[in-house]
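The structure under discussion appears below in the form of structure tokens.
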Amino acid sequence: MMGERGSTLAGTLVSLMIIGVALAILVAGLALSSVGAADVEKQVSAETCARRQMEAIKAAPYRPNPTVEPYPTVPITGPYTLTIEVRYWLSPTGPFVDTPPAEDSGLQRIAIKVYSIKAPGEPVFVLEDYKGERP
């Protein structure tokens, strides 16, 4: 019949293509947001490990040479490892050094570095603070 109009195959295909592209964009956005959420969760977990370790060190008595008598460590949760670096203050005019000085000044800079087991090269989180000997 001459006056009837209907959808054509080309029109249907264009409509399906537009819907497919919109769905693909939506799925890509969801995937990207889940990756971002996983990165944030990894950062927060690493920070929690570092803070728990620093709290244990702060609660422990001052140790002039932690290479001989180390500070306490806490169990690590998640796929992480951590290192504890202690640097020693020489004097009010001197720098911090890596080896324990002959005469302890009573101040140390503690750095806790948390590494992912999956990517051990770069630390996920670094926390630095000072520990002093209290009279």
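The values are calculated or read from the model by the stated rules, or taken from the named source; none is laboratory data. Owing to the predicted nature of the structure, the values given are computational and were not obtained by experimental measurement. We place every Cβ from the backbone using ideal geometry, glycine too, and count neighbours over all the protein chains shown.
Restricting to segment 83-135, count the residues that are loosely packed, with under 11 Cβ neighbours inside 10 Å, among the charged types (D, E, K, R) and more than 29 Å from the chain's Cα centre (by Cα).
The qualifying residues number 2.
Name the one entry in Glu69, Glu41 that is exposed (fewer than 12 other Cβ atoms within 10 Å of the Cβ), acidic (Asp, Glu) and modelled with pLDDT of 90 or more. Show your work before the answer.
Working: Glu41 fails: modelled with pLDDT of 90 or more.
Result: Glu69 is the single residue among Glu69, Glu41 that is exposed (fewer than 12 other Cβ atoms within 10 Å of the Cβ), acidic (Asp, Glu) and modelled with pLDDT of 90 or more.
If a residue has to be farther than 18 Å from Arg51 by Cβ and not charged (D, E, K, R) to count, how many in segment 109-123 make the cut?
Initial filter on segment 109-123 (farther than 18 Å from Arg51 by Cβ): 117-122.
This time we only want the ones that are not charged (D, E, K, R), so: 117, 119-121.
Residues in segment 109-123 being farther than 18 Å from Arg51 by Cβ and not charged (D, E, K, R): 4 in total.
From Val86, Val114, which residue is in contact (Cβ under 8 Å) with a residue 24 or more places away in the chain, in contact with a strand residue (DSSP E or B) (Cβ under 7 Å, 6 or more places away or on another chain) and more than 15 Å from Asn65 (Cβ to Cβ)?
Working: Val86 fails: more than 15 Å from Asn65 (Cβ to Cβ).
Only one candidate qualifies: Val114.
Thr77 passes all but one of (1) over 19 Å from Glu133 (Cβ atoms); (2) polar (S, T, N, Q); (3) touching a strand residue (DSSP E or B) at 6+ places or on another chain (Cβ under 7 Å); which number fails?
(3)
Which of the residues belonging to segment 14-68 are closer than 17 Å to Ile110 by Cβ, in contact (Cβ under 8 Å) with a residue 40 or more places away in the chain and part of a helix (DSSP H, G or I)?
The answer is Ala46, Glu47, Cys49, Ala50, Arg51, Gln53, Met54, Ile57, Lys58.
Evaluate segment 1-8: report whether one residue or more is of a type outside the set (Gly, Ala, Ser) and surrounded by 10 or more Cβ atoms within 10 Å (Cβ to Cβ).
So the first thing to find is which residues in segment 1-8 are of a type outside the set (Gly, Ala, Ser), and the list is 1-2, 4-5, 8.
Filter once more, keeping what is surrounded by 10 or more Cβ atoms within 10 Å (Cβ to Cβ): none.
For segment 1-8, residues of a type outside the set (Gly, Ala, Ser) and surrounded by 10 or more Cβ atoms within 10 Å (Cβ to Cβ): absent.
Suppose the filter is within 11 Å of Lys131 (Cβ to Cβ) and either at pLDDT 95 or above or not aromatic (Phe, Trp, Tyr) (or both); does Tyr88 pass it? Break it down into steps so the answer makes sense when it comes.
Values: within 11 Å of Lys131 (Cβ to Cβ): yes; either at pLDDT 95 or above or not aromatic (Phe, Trp, Tyr) (or both): no.
Judged against the criteria, Tyr88 is not a match.
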